[in-house]
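I have placed the structure first, in the form of structure tokens, so that the comments after it can refer back to it.
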Amino acid sequence: MNYTKRDTYAGSISKLTLGKEVVLNGWAHKVRDLGGLCFVDFRDASGIVQVVLNPEKFDNLQEIKTESCLSITGKVVERDDANKNLKIPTGEIEVVASSYQLISSSQPLPFPISDEKEMSRVNEEIRFKYRYLDLRRPVCRNKLAIRASVLKNMRSFFDNRGFLEIETPIITKSTPEGARDYLVPYRLEPGLFYALPQSPQQYKQLLMVAGMERYYQIAKCFRDESQRSDRQPEFTQLDVEMSFVNQEDILQIAEEMTLDVVNKVIDEFKLEKKKVDPFVRLTYDEAIRDYGSDKPDLRFSLKLFDVSESVSNSGFGVFKNCVESGGIVKGIRYPGGASLSKKEIGALEEFCKEFGAKGLAWIAAGPDGAEFAYTSKNGLGLRSPIVKFFSEAELEELISVSGMEKGDLICFIADDRSVVHNVLSRLRNLIGERAGLIDKTELKFCWVLNFPLVEWNADESRWDSTHHPFTMPRVEDLDKLESDPAAVRADCYDIVCNGVEWASGSMRIYNPEVQQRVFSLLGISEDVQKERFGHMIEAFRYGAPPHGGFAPGIDRLLMFLTDDSSIKEVIPFPKIAGGTDPLMSAPSSIDAMQWAEIGLKKI
Ligand code: ASP
């Protein structure tokens, strides 16, 4: 239909425009019929302004339903003092309509877009089925605006430093990053498949062989793996690769880019976040030792402590036997935890058991007035079923190693090293939340460096890459590649933010023989090496430069910035449970002709 085109954006109207005649195009966000007058909160991409329509002037105002699309002509006037709403930017004025056109009407909505409280209760599947309506909510639009700004700032950071933005293929060959591939049948030769890239890893390395030297891309990656709140089958990475650099050069550029982009976006959108500081650096060993995890949340400083030595000769059999059989005993403080009830401590123990612990031992320092099994030299009253098993000297040592303070609950786990670390790292996060130790306005980025090259996969009795097979082993460890793989360190690194892995990267192998040795260590036979990765080995025979890079997740960064607990909220059209798209109903069946074309049969 013909409609009067806008000359003013709703969000730009202010007292400065008083008396002006404006034409608005947009949607009826909220419609209130107050008998005498009809008020419409009128929304376009820029914001919301109140429009007043007088029923004496218009005879069919009932046709203006919520979310119908309208063109409105009217005059900007100041609201009565009683009607001013200083919480919104346009709250001091309104537009009195002289005419309107219903461009396109809306049928009743599946959910109340303008009511944020109600929206938080709407089932996710419905919301994403009607994502085009969900995205009309100003909060959702704002997230996409933040996303666009992140991408724009990243691009300008790299463009200004001589990087080329280069696209790499989507229909390609498997690039392993540890997940299952999404496969696409090849029509011309049934039985052959393309794979969607788990990352552009191989192409970006080939671009280095091709002499591009500085590459970046906002890249789509596809991984068919079990879903979690911070994972999607299809997600976006900032992918970067550089030649003639060492690890330190890459760390510097990655950190500089993060500070630049994140701090600019925090400013631009006035996000409730503190400015980001330079990254803390931890080695993998330090991260595991102090936090039990290579993804430590550094918004709070609690560290694990090791009491294996202090308890190895104690009368507490559980600890003593554990240490004797090669295990360790470590603990963590729970500030304020001494006031937890028996039932609450029982629930903590259940939590630990869920992650493989056999039990949870604890000592409480308090609360006041309780009956204490031991009072320490510095006056701490200890309560615990296990205090009786320790000598005075041992208890004093536990107090000193743990840094126990009045009101603390000290939690101990005794088990194999990996169980202890896994359980205590999870318990640490729980304590951080429960004890209110986390400042939600902080983004704490840290580097985790010096990962081992490979990890033993006990289920499949083989070595797996800690990152991916293209990671460079430390030159000084190369001679241990076959004899002692677990001892080989790699020049690879992760960026962790608030306890979530945000980026990973590494220096790469560029020597064909080393690449073949690493493939062999990973149990990839020579034939398979040739068939799957022959192009990489061959490329490295043509003067390959030393190179390395990194790739942070865009969606996860958005999640940190917007405080969303699920990655779906910051992706324009996300997949839901099972990796399905409720809007388009994908995946979907194909017709008989398509089956025939791709030469496949359902069995
Ligand atoms: N390709 C890696 C990943 O997707 C990142 C990198 O090593 O650059 O995690």
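Values quoted throughout were computed directly from the atomic coordinates according to the rules given, and no laboratory measurement underlies them. If you're wondering where the values come from, they're calculated on a predicted model, not measured in any experiment. When we count neighbours, we look across all protein chains shown, and the Cβ atoms used for this are built from the backbone with ideal geometry, even at glycine.
Descriptive notes on the structure:
- With the simple model of a label 7 Å out from the Cα in the direction of the Cβ, residue 441 to residue 161 spans 2.9 nm.
- The fraction of all Cα pairs in the stretch 295-338 landing in successive 10 Å bins from 0 to the largest distance is 26, 37, 28, 8, given as whole percents.
- Paramagnetic reach from residue 21 (point 7 Å along Cα→Cβ, amide N under 13 Å) across the stretch 74-93: 74-76
- Estimated inter-spin distance, residue 501 and residue 368, nm [label 7 Å along Cα→Cβ]: 4.8 nm
- Extension gain, residue 457-residue 377: 0.36 nm per intervening residue step, less the Cα-Cα distance, totals 24.1 nm.
- Projecting the Cα positions of 543, 470, 516 onto the charge dipole of the stretch 455-603 (unit charges on Cβ atoms of Lys, Arg, Asp and Glu, taken about the Cα centre) puts 543 furthest along the positive direction.
- Principal axis box of the stretch 92-133, alpha-carbon based, largest edge first, Å: 41, 28, 14
- Under a model in which nothing but the beta-carbon of Lys, Arg (+1) and Asp, Glu (-1) is charged, the stretch 29-116 shows a dipole of about 80 debye around its Cα centre.
- Debye intensity ratio in log₁₀ form over the Cα atoms of the stretch 193-232, taken at each q of 0.14, 0.19, 0.23 Å⁻¹: -0.44, -0.68, -0.83
- Calculated SAXS-style log₁₀ I(q)/I(0) at q = 0.21, 0.26 Å⁻¹ - the stretch 390-458, Debye, Cα scatterers: -1.15, -1.24
- Relative intensity, log₁₀ I(q)/I(0), of the stretch 254-309 from a Debye sum that treats every alpha carbon as a point, q = 0.17, 0.19, 0.28 Å⁻¹: -0.70, -0.79, -1.08
- Computed FRET value (nearest 0.05) for residue 6 with residue 151, which takes r as the C-beta separation and R₀ as 35 Å: 0.85
- Computed E for residue 192/residue 283 - FRET, C-beta separation, R0 56 angstrom, nearest 0.05: 0.80
- Distant alpha-carbon pairs in the stretch 449-531 (separation over 21 angstrom), percent: 28 percent
- Share of pairwise Cα separations in the stretch 375-527, more than 18 Å, in percent: 71 percent
- Extension gain for residue 264-residue 86 works out to 61.4 nm (0.36 nm per residue, less the C-alpha to C-alpha distance).
- Shape category assigned to the stretch 116-181 from the gyration tensor of Cα positions, a/c cut at 1.5: oblate
- Stretch gain in nm, segment residue 430-residue 111, where the contour uses 0.36 nm per residue and the Cα spacing is subtracted: 111.4 nm
- The stretch 112-254: C-alpha gyration tensor shape, a/c 1.5 cut-off, then a/b vs b/c: oblate
- Over the stretch 347-431, the Kirkwood radius and the radius of gyration, each from Cα atoms, give a ratio Rg/Rh of 0.98.
- For residue 530 and residue 184, a Förster radius of 25 Å and the Cβ-Cβ distance give a FRET efficiency of 0.65, rounded to the nearest 0.05.
- When +1 charges are put on Lys and Arg Cβ atoms and -1 charges on Asp and Glu Cβ atoms, the dipole computed for the stretch 527-597 relative to its Cα centre reaches about 300 debye.
- Tail beyond 22 Å, pair distance distribution of the stretch 183-312 (Cα, percent): 64 percent
- Dimensionless Rg over Rh [the stretch 32-76; C-alpha; Kirkwood]: 0.93
- The reciprocal of the average 1/r between distinct C-alpha atoms defines the Kirkwood hydrodynamic radius, which for the chain equals 28.6 Å.
- Pair residue 58, residue 248: separation of 7 Å Cα→Cβ label points (nm): 6.8 nm
- Selection among 109, 174, 149 by position relative to the dipole of the stretch 32-175 gives 174 as farthest towards the positive end (Cβ unit charges, Cα centre).
- Shape annotation for the stretch 1-106: C-alpha extents along the principal axes are 33, 30, 21 Å, from largest to smallest.
- Considering only 495, 528, 554, and ranking their Cα positions along the charge dipole of the stretch 475-603 that arises from unit charges at the beta-carbon of Lys, Arg, Asp and Glu, the one farthest toward the positive end is 528.
- Nearby lysines by direct alpha-carbon distance to residue 129 (threshold 19 angstrom, same-chain neighbours under 8 apart not counted): 143, 568, 575
- Taken along its three principal axes, the alpha carbon spread of the stretch 54-140 comes to 41, 31, 16 Å, from the longest extent down to the shortest.
- Computed from Cα atoms alone, the Kirkwood hydrodynamic radius reported for the stretch 243-380 is 19.4 Å.
- Summing Cβ point charges (Lys, Arg +1; Asp, Glu -1) relative to the Cα centre of the chain gives a dipole of roughly 1500 debye.
- Which of 561, 453 has the fewest Cβ neighbours within 10 Å, and the rest in rising order: 561, 453
- When each of 173/204; 343/388; 87/117; 358/440; 30/57; 117/274 is checked by Cα-Cα distance, pairs over 24 Å: 358/440; 117/274
- Crossing angle, helix 247-268 versus the chain [Cα axis fit, 0-90 degrees, rounded to tens]: 30 degrees
- Residues 305, 193 in ascending order of nearby Cβ atoms (within 10 Å, fewest first): 193, 305.
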